[in-house]
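The values are calculated or read from the model by the stated rules, or taken from the named source; none is laboratory data. Since the structure is predicted, the reported quantities are computational estimates derived from the model, not experimental observations. Note that each Cβ is placed from the backbone with ideal geometry, even for glycine, and that neighbours are counted across all protein chains shown.
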Amino acid sequence: MFIHYVQLGFYSLRRNPVLTLLMVMSIGLGVAASMTTWSVFRVVSGNPLPDKSSQLFVPQLDNWGPNDIVKNGQPPNAVTYRDAMAFMQAHEAERQTALYPVRYAVTPERTGAEPFRVQGHAVFADFFPMFELPFRFGAGWSRADDDAHAGAVVISRQLNDRVFGGANSVGRSIHLGDHDFRITGVLDNWNPQPRFYDVSNHSAFGDQPDIFVPFNRAIDLHTQTNGNNACHENSAPGFEGWLHSECVWIAFWAELPDAAAQSRFRSFLEGYGAKQQQSGRFNWPPQAQMHNLQDWLDYTRVVPSETPVSLAVSAGFLLVCLVNAVGLMLAKFMRRAPEIGVRRALGATRQAIYAQFLAEATMVGLAGGLVGLAFTALGILAIGVVFEAAIARLAHFDLWLITLTVLTAIVATLIAAFYPAWRAAQVQPAWQLKSN
Amino acid sequence: MQIRPIIAALRRHKAGTVLIALQIALTLAIVCNALFMIRQRAAKLSEPVGIDTRDLFVVKNEWVGQPHDIDALMRADIAALRQLPQVVDAYATDSEPLGGNGWDSGILHSADQRRETSHAAQYFDDDHTIGVLGLHLIAGRNFRSDEVVPLDPQSPTEPPVTIITRALALRMFPDGHALGKTIYFGPGTKPSTVIGILDHLHTPYTIASSDSFSDQSALMPLRLLANHSDYVVRAKPGQLSDAMKAARNSLFALNNARVIDPETGVIDYGTLRATAYARDRGMVELMASICVVLLAVTAAGIVGLTSFWVGQRRRQIGVRRALGAKQSDILTYFLTENFLISIAGVVLGTVFALALNLWMVASYAQDHLPLIFVCIGAVILLLLGQGAVLAPALRASRVPPVVATRSV
């Protein structure tokens, strides 16, 4: 019977090609607009480290005081060097790292080759297990290397391909700036989006870091931050003066696996702030707070407002397309009232009429879904027009998106078809036959 | 015009009426919010930058390691660039208008002030900057070459003299007399005397959080001794691409312990500007295309449903014609009918539009929707409705009276 309905639906759709085309295009466009913007939304607002995001925390300390130019009365998003070092030494968390963005010029060993730039972060040894970085060769350096201010380095797979032709380069050296660094590990592909680990110092979407170097070594070499540096007063001259200033430029992360560890760290943080007040560094009771990874991404407004706004507008667009489809289907179904009257008079039940029109709607939905797929594919190609390249590159067409596009089209069309099909099923056979 | 019979007839087509009104309402809600976003972004796209971007390009240079004589190296580079036959002039800085990264600071009236009076971008410059960028100095004078001094990256920015934009001058000195007055770049710094006022100079930033000070910039006669710096170069008219090639080659010929990225290291100002505004232009294009498609979909819906009604009412139309109604009466009937539905849709849509806007204000820090955009949207939709209904209505008006006498 269903096949018969599908055939009937097919004939009916062919009878009014303009009306059918209008419906199919309307659903297709609505679905495509929503799916294209959703494909961006899902990547920018995703959780970059789902299994651990509730255990990783960023502490904030109000080292500028309530009377300063602090935005929204909140503590700064980054911490000072002295506070980061104090947190490291206290070692209150299971794992912890301070980090800041760095860049170096690499001098290739091959003579005559041009130097090139690499970017990455200065981190502590805990960074690698904490954020679950995958290694292709070797591993991160040890805490002992941190303490020894060792010149170790972890390089990305891409950098390893470029410099060492993809061979296992663990134990070899790479020349960063003026110094040699010994490679302890080569990463596999690792580029979580947003680049959650340092959103306050560099842009949240972008390329994979090329290198990770030990924090202490980078400081020894007077490596400047390649990210933000926010100061509210002048510091003593030179690099040393900067290290001891109230300028904030370091991100700090603590891994706190359970509620007990979290409350312990919170009280440590508050105690630390109070101690700074007692010692006369602050003449205010310093606000100390911490956010877990997901809250931190919300707090720092990592997702550009263009993404949810354009998703909302496209969802509204889909809604209009559906209301439009309801109207068109109503017109289309009711135009066949005489035919329905005849079928009903010949014994078809209301359910049968209902099923017949829903089958027809499913075909419209399927066609709309296919048109929608084509438009979504075009939309994803054109997405670079709206979003910056770093974000646009993330959106891709995968099986999940294809399924979702077609399903959305069919489900939405069926929802739209309920009322018109119900109206069709209500047609009074006697009335229709009489007027004919 | 008889409105009462039209309303009586609409009562018999409740579903269709409600659907058209709802569609108009939703379309209005989206279109006027989208138009408002377009207006805002377009305003940003046309804001004054203050520089002449034609024939201008930027070289992004980075030294290998940390050379001890960065000052000498930088000056040698700039001298080499200035000597190129394709080049008019050049200067070294760490950031440039619309470049994305840079320095900015609270601007104060006194060194012990804790809250900033205003905020501005700080540019490291020399006496050639105004000429290279093509800035308009509207009062005062340019820097003298002996005023330009080197600055260590960690040292405070406290130049004895500065040139600021008119927008910044008015924020600091609303009476309009900024020339010769002093300002402070942050607490605890030495005073800087304003020696010149620029017409416009955009900050390096185009992100929304910096919109509040987009035309507030200050030039400082300081050469920042960072291990990476930008050279802004003006090519001779029509020689931009030659100059860009020559610049990179000449710098490497001078000293090859440097990085100038082969792809992104030399960038013309047109590209730089397009990148800076890509997000805003993208939003304009996206919203504009959504508006156009949405209006088309709504118009198609109105045409479809009205055609259906016309088909349904052929007999009644025939009867009316037979009873003496003119073609224009039938036409007016359908136009009026659509107008009534559209008015209802517009009223409902105004509520939707404001609700959608309030949600975006609350969740995504968007601005409040001015009512003028709702009015514009309403007019567009009323006209669209009348336009869409015209073809079916004309067809209805041509129904011959004889239809009334036929059974089908």
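Below, the figures for the structure above:
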| item | result |
| --- | --- |
| From B:A208, B:A235, B:A226, residue being touching a helix residue (DSSP H, G or I) at 6+ places or on another chain (Cβ under 8 Å), within 12 Å of chain A (Cβ to nearest Cβ) and small (G, A, S) | B:A226 |
| Candidates B:L198, B:L240 - the one that is among the hydrophobic types (A, V, I, L, M, F, W, C) and either farther than 30 Å from B:A167 by Cβ or surrounded by fewer than 21 Cβ atoms within 10 Å (Cβ to Cβ) (or both) | B:L240 |
| Residue in region B:112-161 that is farthest from B:D71 (Cα to Cα), counting only those that are of a type in the set (S, T, Y) and under 29 Å from the mean Cα position of the chain (by Cα) | B:T117 |
| Qualifying helices (runs of 4 or more DSSP H) (wholly inside region A:256-360; at least 2 residues being closer than 30 Å to A:N47 by Cβ and free of Cβ contacts under 8 Å to residues at least 24 places away in the same chain) | A:259-278, A:293-299, A:306-334 |
| Tabulated pairs, region B:151-163, first within 9 Å of chain A (Cβ to nearest Cβ) and in contact (Cβ under 8 Å) with a residue 24 or more places away in the chain, second surrounded by 20 or more Cβ atoms within 10 Å (Cβ to Cβ) and hydroxyl-bearing (S, T, Y), C-beta under 7 angstrom, 6+ apart or interchain | B:E158/B:S192 |
| Some residue of region A:133-146 being without any contact (Cβ under 8 Å) to a residue 60 or more places away in the chain and part of a helix (DSSP H, G or I) | yes |
| 1 or more residues more than 13 Å from every other protein chain (Cβ to nearest Cβ), over 47 Å from the mean Cα position of the chain (by Cα) and acidic (D, E): qualifying helices (runs of 4 or more DSSP H) within region B:308-408 | B:327-364 |
| Any hit, region A:215-235, residues being of a type in the set (A, V, I, L, M, F, W, C), crowded, with 19+ Cβ neighbours inside 10 Å, in contact (Cβ under 8 Å) with a residue 24 or more places away in the chain and away from every other protein chain (no Cβ under 11 Å) | yes |
| Residue under evaluation A:P285, criteria (1) at pLDDT 90 or above; (2) more than 22 Å from the chain's Cα centre (by Cα), criterion not met | (1) |
| Residues of region B:177-200 that turn out to be touching a helix residue (DSSP H, G or I) at 6+ places or on another chain (Cβ under 7 Å) and not in a strand (DSSP E or B), as a count | 2 |
| Scan of region B:332-346 for residues that are among the hydrophobic types (A, V, I, L, M, F, W, C) and either touching a residue at least 40 places away in the same chain (Cβ under 8 Å) or touching a Ser or Thr at 6+ places or on another chain (Cβ under 8 Å) (or both), ordered by number | B:F334, B:L335, B:F339, B:L340, B:I341, B:A344, B:V346 |
| Residue list for region A:174-203, restricted to those being in a strand (DSSP E or B) and away from chain B (no Cβ under 14 Å) | A:R182, A:I183, A:T184, A:G185, A:V186, A:L187 |
| Per-region count, region A:379-407, residues within 14 Å of another protein chain (Cβ to nearest Cβ), in a loop (DSSP other than H, G, I, E, B) and closer than 18 Å to A:G46 by Cβ | 4 |
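Yes/no matrix, rows are residues, columns are (1) buried (at least 20 other Cβ atoms within 10 Å of the Cβ); (2) touching a residue at least 40 places away in the same chain (Cβ under 8 Å):
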| site | (1), (2) |
| --- | --- |
| A:G368 | yes, yes |
| A:I380 | no, yes |
| A:I383 | yes, yes |
| A:A389 | no, no |
| A:R393 | no, no |
| A:I402 | no, no |
| A:L407 | no, no |
| A:V411 | no, yes |
| A:A424 | yes, yes |
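Matching residues to (1) free of Cβ contacts under 8 Å to residues at least 24 places away in the same chain; (2) away from every other protein chain (no Cβ under 12 Å); (3) not β-branched (V, I, T):
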site: A:V18; (1), (2), (3): yes, no, no
site: A:V44; (1), (2), (3): no, yes, no
site: A:N63; (1), (2), (3): no, yes, yes
site: A:T97; (1), (2), (3): no, yes, no
site: A:V106; (1), (2), (3): no, no, no
site: A:E109; (1), (2), (3): no, yes, yes
site: A:V118; (1), (2), (3): no, no, no
